[in-house]
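To start, the structure under review is shown below, and the notes come after it.
The values are calculated or read from the model by the stated rules, or taken from the named source; none is laboratory data. The structure displayed is predicted, hence computed values, not measured ones. Cβ placement follows ideal geometry from the backbone for every residue including glycine, while neighbour counts extend to all protein chains displayed.
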2 protein chains.
Amino acid sequence: MAMDPLDAAMKKCGADAFVHYATGEEADMRYLTRFVMHDPFVFFKRRRQPGTIIVPQMEAERASRESTTSVMTRTQAGLPDIVKKEKDPWKAAAKMIAGQAGKNLLVSPALPAALLRALEEHGHVIVDNGTVERVRAIKSPGEIRLMQAVQKKTERAMALGISLISHATVKKGILYHNGAPLTSELVRIAMHKQLMDEGCRAVETIISCGEDTAFPHIIGSGALKPHEPIVIDMFPRDEASGYYADMTRTVSKGKPSQKITEMYEAVKEAQQIGIATIKAGVSGADVHNAVVDYFKSRGYESDTRGFIHNLGHGVGLQVHELPTVGPAGGALEAGSVVTVEPGLYYPGVGGIRLEDMGAVRARQFAGFTQFEETLIV
Amino acid sequence: MAMDPLDAAMKKCGADAFVHYATGEEADMRYLTRFVMHDPFVFFKRRRQPGTIIVPQMEAERASRESTTSVMTRTQAGLPDIVKKEKDPWKAAAKMIAGQAGKNLLVSPALPAALLRALEEHGHVIVDNGTVERVRAIKSPGEIRLMQAVQKKTERAMALGISLISHATVKKGILYHNGAPLTSELVRIAMHKQLMDEGCRAVETIISCGEDTAFPHIIGSGALKPHEPIVIDMFPRDEASGYYADMTRTVSKGKPSQKITEMYEAVKEAQQIGIATIKAGVSGADVHNAVVDYFKSRGYESDTRGFIHNLGHGVGLQVHELPTVGPAGGALEAGSVVTVEPGLYYPGVGGIRLEDMGAVRARQFAGFTQFEETLIV
C-alpha cells in the first residue's frame, strides 16, 4: 500500500513505528504484506521506511519471494536469546518487537489484547483507529480488475447452480437430478468444485429453499422444492489474490406464490433504486434509506420482518468491509467496491434477496455483476 | 466447555465477567459457543452463569438453534440507543458489553486491541493468559472421535493423491495423467474435491516436488517429476465440527537419489523415536530433543538446514495449537492431540517429512494415522 497514511498517523501521535500481528489471512495483514502464512507473524514499519515482516526461518525463503515487504527471521530479530530468559510468548514477542520497531508504537486495532499489554511494558502504545482499513476501502484500478475477475468466476458458478435447478425434474414435490433428489448440499458442492477449478475458495454458500429463505443466513439443507423461492448467496475468495466477490440470486423452479412474485418484483425495483442512488459523496445511509422508503411505499414495513439488514457493504480482502451501506454509513468515496442487496423476509411466506457488486464512481455505480435476474427458472 | 476454569480465572482477578469478541471461525470462540458466524460477535460469561452471545437480529434464529450459549440480540443488549450517541463502533460495542457483562472484565488474549482500549474507559480490564486455549488442548472422548473421523477422510484423500502419482506415466522427465502433465495443482484439486464431498475444507495442501521440498512451506506448482521426493502435507478441516487433521507423506515415483533414500529412512526412524517417547508427563522439549539427538547420531546436524522446525504441535479447532512439541514445550498431558512430524531439508538435495497425529495417553501415544509410509510408489 501507499504508506503515507500510516506515516501521517504515526507522526500525529509521535510513534516510532506501526505494528501489526496476525495471520496472512487477516485482511489488513494481507494488504500490508501480500504474504499468506497460517500462523501469525509480525509486521512493523518505522516512519518513512518500508515495512518489514518477522517470520520463522522456515518461511524466510518463501516470504522473500512473495511478500511486498522486507523480510527478517525471528533469529535475526533476536528471539532465540530473548526466549532464554522470557518464557511468556507474548512478552517475548513484545521484547523482540520493541527491539526492532521501537518503544513508542502505533498498533493495529486488531492486534491481540495480550500483545498490547506486553508492548505497554516497553513504552507508550496507541491503538490506531483504522488507517489501513480505510485505505483498503478505496481500490486501485488493479484491485478493481482482480475483483471483476472473481465476480466473473462467481457468475459462472451461479449459472451452474441455477442450471441444476432449472434442469431438474419434479416428483412428489421435490426436485430430482439424475434420478436422485436435488439437495442444497449437492448444488453447493457442484458450485464449490467448479470454483475450485477456477482457483477460488467458497464456503457456506447459501442455497436455502422455502420457509428457510425467510432467515437470511440459514445456509439451507435437504431436497429443494418447486414453486418455492430458492436463495443462492455466494461469496467466493480468489486464492491467489485474496479478493472476494459477493452475489445473490433468488429463483423458483416453476411459478411460486403470488406473494413471493410480488416480493421479487419489489426487491428487484429496490435494487435499481439503490444502484441509481449510489455515487461518490452520497452517504451509505441515504442509499439505504432510499430503499427503505421505497419498500414502505410498496407496503413492506420493516421491524423484525421485512427488510432487516443493511442494503450493502464494502467488499475486498474481507467479504464485509468498509464502507457501510446502511443506516450508519457515511459519504461514499470513488473507488470503493460495494454490494447492493435489498431483501424481504417474512416467516411463513419466504424470503427474496438480490445482490450485485460494483464500484462507486464520481457520477454513478459501475456494476461488475452482469448476471440476469429472473425469478422463474 | 466446562466453565469452571473461566470461573476460577475470573475469581482470581475479581472480574465480573469474561468477554471475547471474534468471528465463529476463531478457535476459542468456536469452542465457547459452537456457533459459526463470519462477522465478529460478542461472547460474555458472568461468574457462575452460563455464557451468552450477542448477535444481530438476523442471526438470532440460527444462533438459538446452533449455539451452545444463551442468545441475545444487539437490540436486546441496547445497541440501537447507544449508537445514537456514540458513533465510534468500538466505543459503542464497549458500552453495550459493559452494560450486559459488567465493568471489571477478564478478556480473551485475542480480543482486538481497539476493543480493549474502549472497555478500559468503563472499568478495570485484565487480559486472560490463555485459559480457553489451555482447556481446548485437552480433548474429550467426543472430540477425539470427531478428530479420528477427520483423519480417516484425510487418509482417503492422501490415498487419492498418491494413487494419481503412482499410476502416472513418465515421459521426458515429467509425470503424465490421461495424456496431460500431472501437476501439483491437479493433484491438489483432486484431493480437495474429494474432501469437499466428505464435508471437509482443505486449503493450500502442499504438493511440492524436487528442489522445492527443501523448503517446508512451499506449496508446490507445475509438473511433478519422477525420481524426486514429492511432499504431500494436508490439513483439512471438517466443516461441521470445525476440527482439523494434519498429515504428511513423502513419496517418489520411481527410485530417488541415494541421499534422499537415506534421509527418508532417517526421518521414518526419527518419527518412531518421537512416537515412542510421547506419554503424559514427558515434556514436548524432551520428545523434540530425542529426535534432534537421533538425527545428530545419523550425521544430520541442524542449523538453517537439516531438521529446522518443531517436531510437532497440538491440533484441534486450530491446525496449530497447544501443546508445543518443540524446544519450548512443557509437560504433555493426557488427552492432547499432537502431530509427530520430523523432517530433513537440504537445499540442492531436497526434503523429506512424515507426519502422523494422535492422542497423548498416560502410557503412550495413541496414533490416529494408519496410513503406510512407503517412499517409492
For region B:356-377, what are the residues that are in contact (Cβ under 8 Å) with a residue 40 or more places away in the chain and of a type in the set (Asp, Glu)?
B:ASP356, B:GLU373
When the residues of region B:276-309 are filtered to those that are touching a Gly at 6+ places or on another chain (Cβ under 6 Å) and crowded, with 22+ Cβ neighbours inside 10 Å, which remaining residue is nearest to B:GLU26 (Cα to Cα)?
B:GLY284
Considering only region A:310-331, I want to know if a residue exists there that is touching a strand residue (DSSP E or B) at 6+ places or on another chain (Cβ under 8 Å) and among the hydroxyl-bearing types (Ser, Thr, Tyr).
yes
Quick check on region A:330-343. Is at least one of its residues within 13 Å of another protein chain (Cβ to nearest Cβ), closer than 30 Å to A:GLU26 by Cβ and not in a loop (DSSP other than H, G, I, E, B)?
yes
Does A:ASP4 satisfy the criteria of being within 14 Å of chain B (Cβ to nearest Cβ) and not small (Gly, Ala, Ser)?
no
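Here's the yes/no breakdown for (1) outside the structural domain of A:LYS12 (by TED's automatic domain parsing); (2) at pLDDT 95 or above; (3) out of contact with any helix residue (DSSP H, G or I) (no Cβ under 7 Å at 6 or more places or on another chain):
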residue: A:MET37; (1), (2), (3): no, no, no
residue: A:LYS45; (1), (2), (3): no, yes, no
residue: A:ARG65; (1), (2), (3): no, no, yes
residue: A:ASP88; (1), (2), (3): no, no, yes
residue: A:LEU105; (1), (2), (3): no, yes, no
residue: A:LEU116; (1), (2), (3): no, yes, no
Selection from region A:136-152 of residues that are over 12 Å from A:TYR243 (Cα atoms) and not hydrophobic (A, V, I, L, M, F, W, C)
A:SER140, A:PRO141, A:LYS152
For region A:172-200, how many residues meet the condition of being crowded, with 17+ Cβ neighbours inside 10 Å and basic (Lys, Arg)?
2
Of all residues making up region A:54-74, the number that are within 23 Å of A:GLU121 (Cβ to Cβ) and either touching a Phe, Trp or Tyr at 6+ places or on another chain (Cβ under 6 Å) or surrounded by fewer than 20 Cβ atoms within 10 Å (Cβ to Cβ) (or both)
1
The conditions are (1) within 11 Å of chain A (Cβ to nearest Cβ); (2) touching a residue at least 12 places away in the same chain (Cβ under 8 Å); (3) closer than 23 Å to A:GLY242 by Cα, and B:LYS193 fails exactly one of them. Which is it?
(2)
Restricted to region A:107-138, and to residues that are free of Cβ contacts under 8 Å to residues at least 12 places away in the same chain and at the interface with another protein chain (Cβ under 8 Å from one of its Cβ atoms), which residue is farthest from B:LYS91 (Cα to Cα)?
A:LEU116
Would you confirm whether or not region A:177-187 contains a residue that is assigned by TED's automatic domain parsing to the domain that holds A:MET96, at pLDDT 95 or above and of a type in the set (Ser, Thr, Tyr)?
no
Quick one: how many residues across region B:10-26 are within 14 Å of chain A (Cβ to nearest Cβ), surrounded by 20 or more Cβ atoms within 10 Å (Cβ to Cβ) and in contact (Cβ under 8 Å) with a residue 60 or more places away in the chain?
6
For the structure I just gave you, tell me whether B:LYS255 is part of a loop (DSSP other than H, G, I, E, B), under 25 Å from the mean Cα position of the chain (by Cα) and of a type in the set (D, E, K, R).
no
